[in-house]
Amino acid sequence: MNTRRLEDLVVAKLMFSATVLSSLIVFIIAFALFQKSTPILTTQPLSELLLASSWHPWKGEFGFYPFIMGTLWVTILAMALSIPPSLLMSIYLAEYAPIKVRGIIKPMIDLLAGIPSVVYGLWGVLLIVPLVRDYVAPLAGVSTTGYTVLAGGLVLAIMVFPIIISISEEVIRSVPQQVREASMALGATKWQTVKHVVVRTALPGIIAAVILGFGRAFGETMAVLMVVGNVPRVPSSLFDPGYPLPALIANNYGEMMSIPLYDSALMLAALILLLLVLLFGVLAGIILVRIKRRYTVG
Amino acid sequence: MDRRKLEENIFKGMMIASTLIVVGSLLSVFIVVILKGAPALSISMLTQIPKGGYYLGKEGGILNAIVGSLYLAGGATTISFLISLPTALYLHEYAGRRLATLARQSLDVLWSVPSIIYGAFGFTVMIYLGMRASLLGGIMALTLLEIPIMTRVMDEVINTVPLRLREASYALGATKLETAWNVVARQALPGILTAVLLASGRAIGDAASLLFTAGYTDNIPSSLFDPVASLPLALFFQLGTPFPEVQQRAYASGAILLVIVLSLSIASRLLIKRFTKYVIR
Amino acid sequence: MFKPHVSIEKLNVYYGEHHVLKDITVDIPERRITAIIGPSGCGKTTFLRSLNSLIDLVDEVRLSGKVLVDGVNIYDNGVDVTSIRKRMGLIAQMPNPLPMSIYDNVAYGPRIHGVKDRKELDQIVEQCLRASSLWGEVEGRLREPASKLSMGQQQRLCLARALAVEPEVLLCDEPTSALDPISARHIEEQLITLKKDYTIVFVTHILRQARRLADYAVFLYLGELVEHGPAGEVLANPKEPRTQAYLKGEIS
């Protein structure tokens, strides 16, 4: 066998290994986290851990409920705040904006999508927390430090904008011209065409964008951690502090080796987070396929 | 008729308002961080390490973080490159459909994993190996972060290499390796560079994965096993102190980090533009 | 004999620098089938689309001249474009059903123009599907997605959809060129039936189709109006040499 073919074969084997390795990473991670979680899972059943509300590691109490609630509060708030403006803006950019305007705004949004989480956190501390403390809360008749679920939701919403917008805008733009024409030829106004036909066609893509945004919001750690207060209690209002799951893991890595089972609990939290994020990804894929099957034309 | 027009105009107004809100808030992030950070930037800030005590020292600058971030991102990007490029080329030239789909899907999944998970995972590996928080640990975690990004972007870019180019190479009797290296990689070079810039931009800005794995220090590491500072963690740790001098360091870190990340982003965007200028859609 | 319904006066259309339609002046007769014939790329589709103001959707289009429907120039500033389009139904070359059910496709037009009553919509849908001879085939499955129909059925659906807004004029852009022969024949038969109530303008490059259907013929070549008149005359005994050449197959 000549050297060229030998070289080809050897390198191919190496490349194969690299590929297989990359593909397996996610499974390896899940496995490792699971391994590390088993100590705490053997002391209490999972359901108890998830539903218990008291978090006192030094007493051996590991109730995850406040953190799950904290995550839900902040994430759902962020999505509720960000979906309507994102959608409206995507429609505007795709259908109504003059070319020059789109040419400036779209790259700007994509650029801003790359801002690191800690920088958003810094902005949150400098702008959003005082905003909540000095303006929003007094309007609601509440007094607070500003480090609240509301602040977390606001910062997260801003972070999620670029994802939803960039995908939705592309999807809306790619709706075929014939479908638009069919509607216009019947005498529909531009807005009617957009509302009834264009958005409908683009729906699978838009939903995928939203789910992707949700997944990102869920796992977002640093920015939220810096503004949300980090008190391990179930929030009962927007102006309470919260403590989402990623923040739990991030805040306590320092102490985790010194208290028994603490590290295992945090690894379990990480595992839960991982599984939930994976779930979102799979969900997005399934919904996309189902809707595409039902509604695409041609 | 008037009702239709009215509805259209109301929604148009809402659309423009939304656009202004979104663009305004994103711009305000940039503005606030730069406004706070710029005054803190000075020659001494950039060229000195913090002095006087376990990162509460009031003097000195953030050189530890700047150099630390460069070491971390440089190391991670290099290792990730050595894994991602072969993977991307393999997926394109060699892999069967099943392996290719599996690989792409699992990389896509990996892309959306929050970076704190990489930190937690890295931590378990480090405990297992008896390592302490160090430069090496941080590099490992960031490599995990960069691999899916770099690989998938390279994958997309390589996909745009026209079939006829590869055919031409094979028709001349080239092996797969020769085609992959000489033709495909070369054609896709700007796109490959873009992938590298994108991934390293992401890595430089990440804090969550470094919390567990890289440690923090006032000094510049002299070996792979020393703990290392990083710009994101410099910002994070030093923001909450009661000492204004230390806070200044946090703001400076934030501003520098923002500038670095945005520059990388702009550079990769320009590269993409140059790359697609000659591609036929 | 031929009362004009749509009058085109000195119509010029430019795509950027390209002068696509040159000084077209012609009257489209009422309640007749008018065939627009000519080689590909000579402006037939552009001509058709300037009749319902649909070419406005493309940027870089410039237009001068008048298109008068019952005496009113549709390109005048005060004229409401959406109501013009309502009066001119369009059937495109490739069937383009909307991404909805069969029922909703037909009901879409009336709905956007204000019809809300369920019974009324039901009636309109049935009427129009009958008029395009699709009712028999879809009667039991109106809720199914339109995308499930065959091409021929989709084109008939587009016809039904166009009829649902009660147009006066039907504009058809090579309506059968994407269809199999049997579906094509269906569409042709419908057009002949419909001419009792509608003015029909259709573009075709199939001369035999023009001979079968047309009452009036218009020959466009390279953007110019070469000849027009009753179909019997233009298609059998054309006066212009270019028309003769086209009909003989010498230019295409």
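The values are calculated or read from the model by the stated rules, or taken from the named source; none is laboratory data. A quick note: this is a predicted structure, and the numbers were derived from the prediction, not measured. As a convention, Cβ positions derive from the backbone with ideal geometry for all residues, glycine included, and neighbour counts pool all protein chains shown.
Annotations for the structure displayed:
- Of all the listed residues (B:VAL67, B:VAL23), the sole one being of a type outside the set (Ser, Thr, Tyr), over 30 Å from A:GLN192 (Cα atoms) and under 27 Å from the mean Cα position of the chain (by Cα) is B:VAL67.
- Residue identified as of a type in the set (Gly, Ala, Ser) and out of contact with any Leu (no Cβ under 8 Å at 6 or more places or on another chain) among A:GLY187, A:GLY219: A:GLY187
- Test: residue in segment B:234-256 that is within 14 Å of chain A (Cβ to nearest Cβ), surrounded by 16 or more Cβ atoms within 10 Å (Cβ to Cβ) and assigned to a loop (DSSP other than H, G, I, E, B): no
- Top-ranked residue in segment B:67-114 [being of a type in the set (S, T, N, Q) and over 16 Å from B:ARG152 (Cβ atoms); ranked as nearest to the other protein chains (Cβ to nearest Cβ)]: B:SER69
- Of all residues in segment C:145-186, those being among the hydrophobic types (A, V, I, L, M, F, W, C), under 27 Å from C:GLY114 (Cβ atoms) and more than 10 Å from every other protein chain (Cβ to nearest Cβ) number 7.
- Which numbered condition C:ASP56 misses (of (1) assigned to a loop (DSSP other than H, G, I, E, B); (2) modelled with pLDDT under 85): (1)
- Count - residues of segment C:146-164 that are crowded, with 24+ Cβ neighbours inside 10 Å, of a type outside the set (Gly, Ala, Ser) and in a loop (DSSP other than H, G, I, E, B): 0
- Selection status of A:LEU111, closer than 30 Å to B:THR19 by Cα, within 8 Å of chain B (Cβ to nearest Cβ) and touching a residue at least 40 places away in the same chain (Cβ under 8 Å): no
- Enumeration of residues in segment B:204-229 that are small (Gly, Ala, Ser) and facing chain A (nearest Cβ under 10 Å): B:GLY205, B:ALA207, B:ALA208, B:SER209
- Segment A:165-203, subset of a type in the set (Asp, Glu) and under 23 Å from the mean Cα position of the chain (by Cα), residue farthest from C:MET94 (Cα to Cα): A:GLU169
- Screening segment C:110-119 for residues that are over 26 Å from the mean Cα position of the chain (by Cα) and part of a helix (DSSP H, G or I) and picking the one that is surrounded by the fewest Cβ atoms within 10 Å (Cβ to Cβ) gives C:LYS119.
- You will find that of C:GLU9, C:GLU17, C:GLU60, C:GLU30, the residue that is surrounded by fewer than 22 Cβ atoms within 10 Å (Cβ to Cβ), within 16 Å of the chain's Cα centre (by Cα) and of a type in the set (Asp, Glu) is C:GLU30 and no other.
- Single residue of segment A:114-148 satisfying the filter (β-branched (Val, Ile, Thr), part of a helix (DSSP H, G or I) and more than 12 Å from chain B (Cβ to nearest Cβ)) that is farthest from the chain's Cα centre (by Cα): A:VAL136
- Of the residues A:ALA18, A:ALA78, the single one that is assigned to a helix (DSSP H, G or I), away from chain B (no Cβ under 12 Å) and either within 30 Å of B:TRP181 (Cα to Cα) or at pLDDT 90 or above (or both) is A:ALA78.
- Search result, residues across segment C:212-232 that are surrounded by fewer than 18 Cβ atoms within 10 Å (Cβ to Cβ), under 17 Å from the mean Cα position of the chain (by Cα) and part of a helix (DSSP H, G or I): C:ARG212
Residue-wise test of (1) more than 7 Å from chain A (Cβ to nearest Cβ); (2) modelled with pLDDT of 90 or more; (3) in a helix (DSSP H, G or I); (4) surrounded by fewer than 19 Cβ atoms within 10 Å (Cβ to Cβ).
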{"site": "B:ARG3", "(1), (2), (3), (4)": "yes, no, yes, yes"}
{"site": "B:ILE16", "(1), (2), (3), (4)": "no, yes, yes, yes"}
{"site": "B:ILE21", "(1), (2), (3), (4)": "no, yes, yes, yes"}
{"site": "B:GLY24", "(1), (2), (3), (4)": "yes, yes, yes, yes"}
{"site": "B:SER28", "(1), (2), (3), (4)": "no, yes, yes, yes"}
{"site": "B:LEU35", "(1), (2), (3), (4)": "yes, yes, yes, yes"}
{"site": "B:ALA38", "(1), (2), (3), (4)": "yes, no, yes, yes"}
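- Looking across segment B:182-194, just one residue is within 14 Å of chain A (Cβ to nearest Cβ) and more than 20 Å from B:LEU172 (Cα to Cα), and that is B:THR194.
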